[in-house]
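Step one of this worksheet: look at the structure below.
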Amino acid sequence: MEWVRGETIGFGTFSTVSVATNTRDSGDIPAIMAVKSSVSYGAASLSNEKSVLDSLGDCPEIVRCYGEDLTVENGEVMHNLLLEYASRGSLATHVKKLSGEGLPESTVRRHTGSVLRGLRHIHAKGFAHCDIKLGNILLFNDGAVKIADFGLARRVDGDLTPLKKGVEIRGTPLYMAPESVNENEYGSAADVWALGCAVVEMFSGKTAWSVKEGSHFMSLLIRIGVGDELPKIPEMLSEEGKDFLSKCFVKDPEKRWTAEMLLNHSFVAIDLEDDHREDFVVKFKEEEKVLMSPKCPFEFHDWESSTSDSHTSLDSPVERLGSLTSSSSPDWSVDGSWVTVR
Ligand SMILES: Nc1ncnc2c1ncn2[C@@H]1O[C@H](COP(=O)(O)OP(=O)(O)OP(=O)(O)O)[C@@H](O)[C@H]1O
């Protein structure tokens, strides 16, 4: 494939995302794509993403991959993944533009249904995404959304045995499920918990867990992993929405609803005929007029999509969580798709 890199449209932990123009008229491949590029330290994540996307095959709610290649730019070898281009960027950026207002419930319902269909496909193929968050849900010109960023995805096939002992942080702490905090379990149920967090954020414009600025992320992990506290369900949400979230925010992953079950919930089982896309376009135009003024109460930039792995055998959740705090300086290294902090 021949392509030319255009403007930069996003930055992740491991990569930079740019527009790419396809310079050859080649059948299936569109003229405009997104290219996710990384130097060597992010290559493992890109390669994991490519192999997961290949295994998943086509699904309308998952960003398509057109291939990969290597380029040399400014003397550096770049690993590139060519992807379907989402012209309106991520839902995170979109929601931030609303200055803490959140999206209308009808839009939230539609997006939630789309993400659930994507998750059902991922889970049916034996994978977990492990990093569901608004930054990884991309918005297309026609108002459709698709799941992106499979750099941390893993094959689970129903086996939730943690790969390693200790505490590993995959994805973003604000979206972490209790079993991930307590047991290092990152299965399909953890994606459903994260989806619940994303629904709260889409609707309220605020993260599902309220955290004080400057507070240590350990205190959040303890709230998620220990005790009965659950993410706050927005008061203004319909009863159907509240009920939907109550099925996502079940501490026991065995009792949490699956993506398949949630797709039959009345919150998302709507007749698309009644859900006029034109309304969405009008609303979108109004939203676009709002000045860009991010008001996310707390963003854990430094922790996103990283893994902290103590590699020690610890029994209780408190012990496991305590193992994350250390006075020694961390040693960052990349192991497959994982970033390891020792
Ligand atoms: N296909 C795409 N079309 C348009 N924008 C994209 C696309 N893929 C990614 N982006 C933009 O780039 C950002 C970073 O991409 P992505 O999350 O895939 O990178 P990452 O390095 O895996 O990041 P993370 O820190 O979330 O793991 C996204 O939040 C989004 O704004």
When you scan the range 8-54, how many residues do you find that are away from the ligand (no atom under 11 Å from the Cβ) and part of a strand (DSSP E or B)? 2
Working only within the range 131-156, note down all residues that are near the ligand (Cβ under 10 Å from one of its atoms), under 19 Å from residue 45 (Cα atoms) and in contact with a helix residue (DSSP H, G or I) (Cβ under 7 Å, 6 or more places away or on another chain). 133, 135, 137, 148, 149, 150, 151
Can you name every residue in the range 67-92 that is within 15 Å of the ligand (Cβ to nearest atom) and open to solvent by 60 Å² or more (accessible area, probe 1.4 Å)? 68, 85
For the range 54-79, pairs from a residue that is within 16 Å of residue 151 (Cα to Cα) and of a type in the set (Asp, Glu) to a residue that is open to solvent by 90 Å² or more (accessible area, probe 1.4 Å) and assigned to a strand (DSSP E or B), with Cβ under 9 Å and 6 or more apart or across chains, are none
Number of the condition not met by residue 83 [criteria: (1) modelled with pLDDT under 90; (2) closer than 24 Å to residue 172 by Cα; (3) of a type in the set (A, V, I, L, M)]: (1)
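For (1) modelled with pLDDT of 80 or more; (2) surrounded by 12 or more Cβ atoms within 10 Å (Cβ to Cβ); (3) farther than 24 Å from residue 99 by Cα, each residue gets a yes or a no:
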residue	(1), (2), (3)
192	yes, yes, yes
211	yes, yes, no
223	yes, yes, yes
257	yes, yes, yes
294	no, yes, no
If you check residue 163 against the conditions, is it open to solvent by less than 10 Å² (accessible area, probe 1.4 Å) and either modelled with pLDDT of 95 or more or within 24 Å of residue 12 (Cβ to Cβ) (or both)? no
Positions within the range 33-51 being at pLDDT 95 or above and open to solvent by 30 Å² or more (accessible area, probe 1.4 Å), in sequence order: 50, 51
Conditions first: (1) more than 26 Å from residue 240 (Cα to Cα); (2) within 16 Å of the ligand (Cβ to nearest atom); (3) open to solvent by less than 60 Å² (accessible area, probe 1.4 Å). Residue 64 passes all but one, so which condition is the exception? (3)
Among (1) in contact (Cβ under 8 Å) with a residue 12 or more places away in the chain; (2) more than 14 Å from the ligand (Cβ to nearest atom); (3) surrounded by fewer than 17 Cβ atoms within 10 Å (Cβ to Cβ), there is one condition residue 109 misses while meeting the rest; what is its number? (3)
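Residues checked against (1) modelled with pLDDT under 95; (2) assigned to a loop (DSSP other than H, G, I, E, B); (3) β-branched (Val, Ile, Thr); (4) crowded, with 22+ Cβ neighbours inside 10 Å:
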residue	(1), (2), (3), (4)
151	yes, yes, no, yes
159	yes, yes, no, no
170	yes, yes, no, yes
182	yes, no, no, no
197	no, no, no, yes
203	no, no, no, yes
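The values are calculated or read from the model by the stated rules, or taken from the named source; none is laboratory data. In this text the structure is predicted, and so the values were computed from the model without any measurement. All Cβ positions, glycine included, derive from the backbone under ideal geometry; neighbour counts span all protein chains shown. Side chains are part of the model used for accessible areas, which takes the heavy atoms of the whole protein and leaves out ligands, DNA and RNA. Shrake-Rupley method; radii C 1.70, N 1.55, O 1.52, S 1.80 Å.
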